[in-house]
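*Asks:* Just dropping this structure here.
Every number here is computed from the coordinates shown, using simple stated rules; none is lab data. These figures come from a predicted structure and were not determined experimentally. Glycine also receives a Cβ, built like all others from the backbone with ideal geometry; neighbour counts cover every protein chain displayed.
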Amino acid sequence: MSAAASETAVPRATAASTDGRVRTVLGIETSCDETAAAVVVDGRTVVSSVVSSQVELHAEYGGVVPELAGRAHLELLTAVVGRALAEAGLGPGPAGARPQAVAATVGPGLVGSLLVGVSEAKALALAWDVPFVGVNHLEGHLFAGLLEHPGLEWPVAVLLVSGGHTMVVSMEGPGRYRLLGATLDDAAGEAFDKVARFLGLGYPGGPAIEAAARGGDPEAFDFPRAMLEEGLDLSFSGLKTAVVRAVRARPDAADEDVAASFQQAVVDVLVTKVRRGAQAVGARAMCLAGGVAANGPLRAAFEQAAAELGIPSYLPTRAMCTDNAAMVAAAGWWQLGALGPTALDAGADPDLRLPLLA
Ligand code: KG4
Ligand code: ZN
């Protein structure tokens, strides 16, 4: 088990709420290759957050193997949940203080992996006689920014960039989303992963490209920036093809230069689009979300764009950018209060979409 992102200087979870409102939520996240559990109080205070990464398991295959991921979640989840509860001062036994609700990611993601977390969450909710809340993984990523930066002014232009999704969203409040633009083909994280695999830099590709790029020249190659001049949609498949073609044409080119030039092209496009989206809706702030939001050059360029627009930028910590269960608990807490619990016979949906305003 790795990377326990626990916060220590926060109050322990309290099972008792004086006015009957749910305060303490256990979140569970198993949509892809992180097995995670967290306890969050009042949708805001992260009392414990445990993330067990399967990166090493999948590394030798160069990507996530769904069957292995599902089995690993099954093996790891009970211990991860136990640790998140223990670190929050909650107990699994009959005498222990318990969370007042259990939230789990129900989609989008790998169906076999999702089902492990959803089944565990429902079982715990039943055993503890507390509500179950099914959370949309993308909404979880949107909540990651809010969790660390309460008191945002709406609308917030969010750049959501993960392994499976790339979108610019205008967030008008919790649960109020307008899609401004999205990728027409590959997700940004997918492009990082594919280019890293092509260069033989390993998995996951994002951190590998970022590390290689540190020693490279971002102007060594003039890679295409698709659809840069107008609109809010994005496309990365041409960039990936351009990288392959360039490396075949110059086989002696340094990986560092290819990585740096590729990364620069992705960052340029992402930041141009979110900036344009922010201007289009008169955003009061800009927020980054999703695994790719851990990327240093993207964070720097994003902050600069917001500063140029004269609005604040909110960047989740790196641990909160990549998949974790604190964001699921936070989204679940809000959802429970606003929309109520999820039926226990509701299933997982691998293709679940972000709910959008009409
Ligand atoms: O949000 P996430 O943890 O899982 C999904 O929901 O997809 O995002 C994972 C993606 C992967 O494609 C990974 O390569 C990318 O985020 N990523 C990064 C970095 N760290 C993770 N991409 C660029 N730079 C990084 N430092
Ligand atoms: Zn994710």
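*Asks:* Which log10 I(q)/I(0) values does the chain give at q = 0.10, 0.12 Å⁻¹ under the Debye formula, counting every alpha carbon as one identical point scatterer?
*Replies:* The Cα Debye sum returns log10 ratios of -0.59, -0.84.
*Asks:* Given only helices, namely DSSP H runs of n ≥ 4 each adding -39500 (n - 2.57), what is the per-residue ellipticity at 222 nm of the chain, to the nearest 500 deg cm²/dmol? Working shown, then result.
*Replies:* Values: 11 runs with 150 residues, N = 358.
Roughly -13500 deg cm²/dmol at 222 nm, from the helical runs in the chain.
*Asks:* To the nearest 0.05, what FRET efficiency results for ARG214 and ALA319 with a Förster distance of 25 Å applied to their C-beta separation? Don't skip to the end; give the middle numbers.
*Replies:* Values: r = 21 Å, r/R0 = 0.82.
Result of the calculation: an efficiency of 0.75.
*Asks:* By average Cβ neighbour count within 10 Å, what is the ranking of 230-236, 329-335, 69-75, 251-257 from highest down? Working shown, then result.
*Replies:* Values: 230-236: 17.3, 329-335: 29.9, 69-75: 19.4, 251-257: 13.6.
The peptides rank, most packed first, as 329-335, 69-75, 230-236, 251-257.
*Asks:* Order of CYS32, CYS287 from fewest to most other C-beta atoms within 10 Å?
*Replies:* The order, fewest Cβ neighbours first, is CYS32, CYS287.
*Asks:* Hey, another quick one. If the cut-off is 18 Å between C-alpha atoms, which lysines fall inside it for LYS194, apart from same-chain ones fewer than 8 positions away?
*Replies:* Partners found: LYS240.
*Asks:* Let me ask you something else. By how many nm would the segment from ALA253 to LEU68 grow when fully extended, if each residue of separation counts as 0.36 nm and the alpha-carbon distance is taken off?
*Replies:* The span from ALA253 to LEU68 would gain 63.0 nm if fully extended.
*Asks:* If we sort 240-248, 187-195 on the protection proxy, mean other Cβ atoms within 10 Å, highest first, what's the order? Can you show the working numbers first?
*Replies:* Working: 240-248: 15.3, 187-195: 25.4.
Answer by packing, highest mean first, reads 187-195, 240-248.
*Asks:* Can you grab the distance from the C-alpha centre of segment 176-193 to the C-alpha centre of segment 216-289, Å, no decimals?
*Replies:* Segment 176-193 and segment 216-289 have Cα centres separated by 13 Å.
*Asks:* Can I ask one more? What whole-number distance in Å separates the alpha-carbon centres of segment 113-166 and segment 53-71?
*Replies:* 22 Å
*Asks:* Here's another thing I want to ask about it. Give the angle, between 0 and 90 degrees and rounded to the nearest 10, that separates the Cα long axis of helix 188-199 from the longest principal axis of the Cα atoms of the chain.
*Replies:* 60 degrees
*Asks:* Given the options MET167, MET320, MET227, state which has the largest fluctuation in a GNM of the chain using a 10 Å cut-off (strictly under) for Cα springs.
*Replies:* MET227
*Asks:* For a protection proxy built on the mean count of beta-carbon atoms within 10 angstrom, sort 149-159, 127-137 highest first, please.
*Replies:* The most tightly packed comes first, giving 127-137, 149-159.
*Asks:* Could you work out how far helix 326-339 tilts from the main Cα principal axis of the chain, as a 0 to 90 degree angle to the nearest 10?
*Replies:* On a 0 to 90 degree scale, this one is about 60.
*Asks:* OK, next. With r defined as the distance between the Cβ atoms of ASP222 and TYR61 and R0 fixed at 25 Å, what FRET efficiency is calculated, to the nearest 0.05?
*Replies:* After rounding to 0.05, the efficiency reads 0.15.
*Asks:* Relative to the longest principal Cα axis of the chain, at what angle does helix 137-148 sit, 0 to 90 degrees, rounded to 10?
*Replies:* Tilt of helix 137-148: around 80 degrees.
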